[in-house]
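One structure is given below, encoded as structure tokens.
All of the numbers you see were taken from the coordinates with simple rules; none came from a lab. It should be emphasised that the depicted structure is a prediction, and the values quoted were computed from it without experimental measurement. Glycine gets a Cβ as well: all are built from the backbone with ideal geometry, and neighbour counts include every protein chain shown.
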Amino acid sequence: LQIESDLRVALAEQQFALAYQPIFNLETDRLCGFEALLRWRHPERGLISPAAFIPIAEETRLIVEIGAWVLRQACRDIASLPGELKIAANLSPVQLAVGDIATTLADIVRETGLDPSRIELEITETALFADDQRNLDALRRLKALGVRIVLDDFGTGYSSLSHLRLFPLDKIKIDRSFVQDMVDRPDSAAIVEAVTSLARRLGMTTTAEGIETAEQLAVVRRIGCTEAQGYLLGRPEPIAAALETVRCSA
Ligand code: G
Ligand code: G
Ligand code: NA
């Protein structure tokens, strides 16, 4: 497959880059961290979205190597930022199922000297489905390093409340499909509210994602979500622009 060999070249020739999207704490009204989002700068095809190549990277298991690059780069970049800021990176289910992600991350933490409590790993519910014990063990080993585990896109796909009990989760990211029509649809607002209070009762925090309007921001603030992320608050940007955001928010 052409794209598979292209992905190998991309790794070898450093065609990958990260974009950083700011995340704000709604209790303190301050910048609290960034989500690292993968970009592929293809020499002929230009910027390619991860949605277009991650499925192939997963099929070919190249995601294990690509994902390690993402974690290493994100940790290096964030290590140069003020100490209270966190970095969130997305983890493919394949990274839990194949290889040894906990050892990879332990090496990265040692190399960068980053406090592991500043690292958040975002996993989707599909990562929690594999019926073997392997994914759960991998998550537990990651948790033991001191990193935080975030359940991404909550409420879409095959959500199961038992996941909230079974897995060592610190935070729930409420999917933007609920956040975005909350203002017009009371049922969506009710779901965001219920998930927020459920998370709180379970000792977890919440992030409302996909905030695009001041009205949406006001609603999630009133509901009591812990954090917010979205184009209104900041778009994914290269590290230099992220550093500028940090400087301006100080
Ligand atoms: O940033 P963008 O909207 O193009 O991202 C599209 C999708 O790709 C999102 O679902 C996002 O979670 C996912 N994604 C972005 N970066 C990474 C990454 O480093 N690893 C994995 N597995 N998924 C990512
Ligand atoms: O679910 P996850 O956090 O992985 O989603 C990340 C994706 O969401 C990225 O592709 C990012 O570009 C996109 N994204 C971030 N903020 C917004 C927003 O306000 N609106 C929309 N439509 N997409 C967003
Ligand atoms: Na994410």
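Which of 129, 154, 16, 24 comes first, and how do the rest follow, when ranked by fewest Cβ neighbours within 10 Å? Let's see the in-between values first.
Values: 129 13, 154 26, 16 17, 24 22.
The most exposed by this proxy come first: 129, 16, 24, 154.
Give me 158, 231, 20 sorted ascending by neighbouring Cβ count inside 10 Å, so fewest comes first.
Details: 158 9, 231 12, 20 28.
Placing the least packed residue first, the sequence is 158, 231, 20.
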- How about residue 171: which aspartates and glutamates have a C-alpha closer than 17 Å to its C-alpha, ignoring those fewer than 8 places off in the same chain? 27, 35, 120, 122, 125, 152, 153, 193, 209, 227
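Quick check on the chain: helices-only [θ] at 222 nm, where DSSP H runs of length 4 and up contribute -39,500 (n - 2.57) each and the sum goes over total residues. Nearest 500, please. Write down the numbers at each step before the final one.
Details: 11 runs with 117 residues, N = 250.
It comes out at -14000 deg cm²/dmol, rounded to the nearest 500.
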- Query: Could you put 40, 69 in order, starting from the residue whose Cβ has the fewest other Cβ atoms within 10 Å?
  - Reply: 69, 40
- Query: Around residue 47, what is the net charge, scoring Lys/Arg as +1 and Asp/Glu as -1 over all other residues with Cβ under 10 Å from its Cβ?
  - Reply: +3
- Message: Can you give me the angle between helix 101-112 and the longest principal axis of the chain, using Cα atoms only, in degrees from 0 to 90, rounded to the nearest 10?
- Response: 90
- Query: In the neighborhood of residue 85, defined by Cβ-to-Cβ distances under 13 Å, what is the net charge if each Lys or Arg adds +1 and each Asp or Glu adds -1?
  - Reply: -2
- Note on the structure: Distance in nm between residue 235 and residue 202 label points, each 7 Å along Cα→Cβ, equals 3.4
- Task: Tell me which residues come under 5 Å, amide H to amide H, from residue 227 once H is placed; ignore anything under 5 positions away on its chain.
- Result: 26, 206, 207, 208
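Between beta-carbons, use under 10 Å as the cut-off and find the net charge around residue 170, counting Lys and Arg +1, Asp and Glu -1.
Working: positive: 143, 148, 171; negative: 120.
Result for the local shell: +2.
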- So what J values fall out for segment 142-156 if you push phi through Karplus, 6.51 cos²θ - 1.76 cosθ + 1.60 with θ = phi - 60°, rounded to Hz, Gly and Pro as x? 5, 4, 5, 6, x, 7, 9, 10, 10, 8, 8, 6, 4, x, 9
- In whole Å, how far is the Cα centre of segment 53-119 from that of segment 1-33? 10
